[in-house]
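Everything below concerns the one structure shown next.
Laboratory data are not the source of any read-out in this text; all were calculated from the coordinates shown. Everything numeric here is computed off the predicted structure, so don't read it as measured data. Cβ coordinates were reconstructed from backbone atoms using ideal geometry, including for glycine residues, and neighbour counts include every protein chain displayed.
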Amino acid sequence: MSHPGDGEPSPQETAWEVLCSSGFLGLRRFWVLSAVCKDLYSLREDHSPQGIAGVLSNRALSSQNSRRELQSLLQHCVDKDDVRGLRQLLAVPGMTGRFPGLFERAFAKTSVKCAAFLCEEQYVKGQIAPSVDIQNSLSGMTVEMLSVLIEKGALSPSAWVREKNLWRPLLTLLIETHNFECARFLLDRGARVDVWEHQNDSNSEKFESEGFTLPRAREFRTPLFSLVGEVAPLRRGDGLFNREAPNSDSESDEGGVDNTKAAARLRGLALLKLMLRAAKERGVLGWLSEDREIYQRSRGPLEVSVLVIACLAHDEEVFDLLICAGVAANQRCEAGLTAVRCVVDFGNEEDVSMLEKLADAGADLERKFPDTHTPLTLACRWRKEKAVEFLLKRGVDCARR
């Protein structure tokens with residue numbers, strides 16, 4: 001946007017670069033504006049944080065709605081056989097391998113140019129699991145079998161499985177069948193954690209309409225959310241479990257089921273440590289997602305952090321791992337929900353220890369929520385004496401309203 005020969009960028013160029021790199025602009029606005037402005041159009045080819053790579057960074061994709069926008073735009077490009085737009089989006093580092101259904105869509109829409117582009121080996125090889133009933137085989141899948149499939153090029157560590165009209169990462173499906181050994185093998189082989197479940201038929205025709213709003217859906221879960229959701233229920237009702245692996249006939253012994261769950265939970269927690277490390281490296285610890293637990297506790301679907309999910313599950317062990325990994329204790333989710341509010345609103349008296357750890361990690365104990373409540377007023381409302389006592393000891397202002 002600066003003129004040839006200029007030594008410094010123009011103020012307009014600097015402003016647009018800031019908007020792109022901050023994620024404030026959003027993909028839909030960026031795409032529409034760059035389509036009508038020749039200078040801005042060049043940012044579609046700019047893979048630096050100041051160009052399209054900033055708009056599509058993992059930080060910018062933290063909300064489900066931003067991920068929906070990306071998916072809808074890709075499908076719009078395929079439907080219109082806009083191979084140039086498709087290439088611009090998929091050329092952004094990290095984009096390829098996230099959308100396995102694009103080639104199938106191009107074939108169905110007879111989008112010849114997009115189909116030819118997507119046929120390139122780098123976009124399709126090993127992305128989709130072999131055409132067998134793999135889902136019913138996942139619980140019994142062995143590391144040896146996975147190793148053969150990957151070594152022979154039949155499967156990628158970041159492969160996808162189609163479940164009706166939903167594309168799901170193989171890593172997520174292994175987690176949901178509690179096959180944590182194979183899930184760990186995939187993670188060690190480079191399986192991606194910055195991917196999400198998604199449908200293959202969203203209405204891309206509405207992408208460019210002025211009043212475009214994306215429908216809510218229960219997909220878009222990441223492997224990290226799935227893992228936390230599966231590990232927490234393996235905890236015994238009293239929150240304690242036998243840390244010794246069960247013997248071969250434990251299933252028939254009294255308490256054998258609990259021992260089996262305990263062993264599975266230990267494997268799941270070990271996998272969680274590795275996945276948190278990978279998620280931190282990819283910059284997706286702060287991603288939000290809807291989760292089935294929040295449906296049971298709130299009036300409707302909300303996008304929440306993985307830390308909120310751990311609080312809802314009253315799982316302090318998972319909670320500790322998340323805090324140690326660097327998940328933000330003060331992150332605001334949809335409707336202003338925070339981990340502090342979750343503990344005070346939905347927790348029990350024993351969960352006050354999580355409240356203490358949140359405070360030590362920098363959580364705001366005096367934040368006023370959208371409904372005008374503060375943590376202290378909520379604790380008083382629900383008559384949670386331990387929480388009230390802790391908040392007062394921490395010097396929370398009693399007069400604040």
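Highest-first packing order for the peptide set 97-104, 389-396 is 97-104, 389-396, based on the mean count of other beta carbon atoms within 10 Å. Using the Cβ-Cβ distance between Asp320 and Glu45 with R0 = 35 Å, the FRET efficiency computed as 1/(1 + (r/R0)^6) comes to roughly 0.20.
Given a Förster distance of 30 angstrom, what is the FRET efficiency for Lys164 paired with Leu274, based on the Cβ-Cβ distance and rounded to 0.05? Approximately 0.50, to the nearest 0.05. Normalising by residue count, segment 12-125 has a Cα convex hull of 92 Å³ per residue. Bridgeable lysines around Lys113 (alpha carbons under 18 Å apart, same-chain partners fewer than 8 residues away excluded): Lys80. In a fully extended conformation the segment linking Ser147 and Glu120 would gain 7.3 nm over its present Cα-Cα distance, using 0.36 nm per residue. Note on Arg282 and Glu350: their simple-model spin labels are 3.3 nm apart, each label 7 Å out from Cα toward Cβ.
Sorting the segments 225-235, 186-196 by their mean number of nearby beta carbons within 10 angstrom, highest to lowest, gives 225-235, 186-196.
Please enumerate, by chain and number, the lysines with C-alpha under 24 Å from the C-alpha of Lys386, excluding those fewer than 8 residues away in the same chain. Within the straight-line cut-off, Lys386 pairs with Lys357, Lys368. Per-residue extension of 0.36 nm, minus the Cα-Cα distance of Arg394 and Asp360, leaves a gain of 11.2 nm for this segment.
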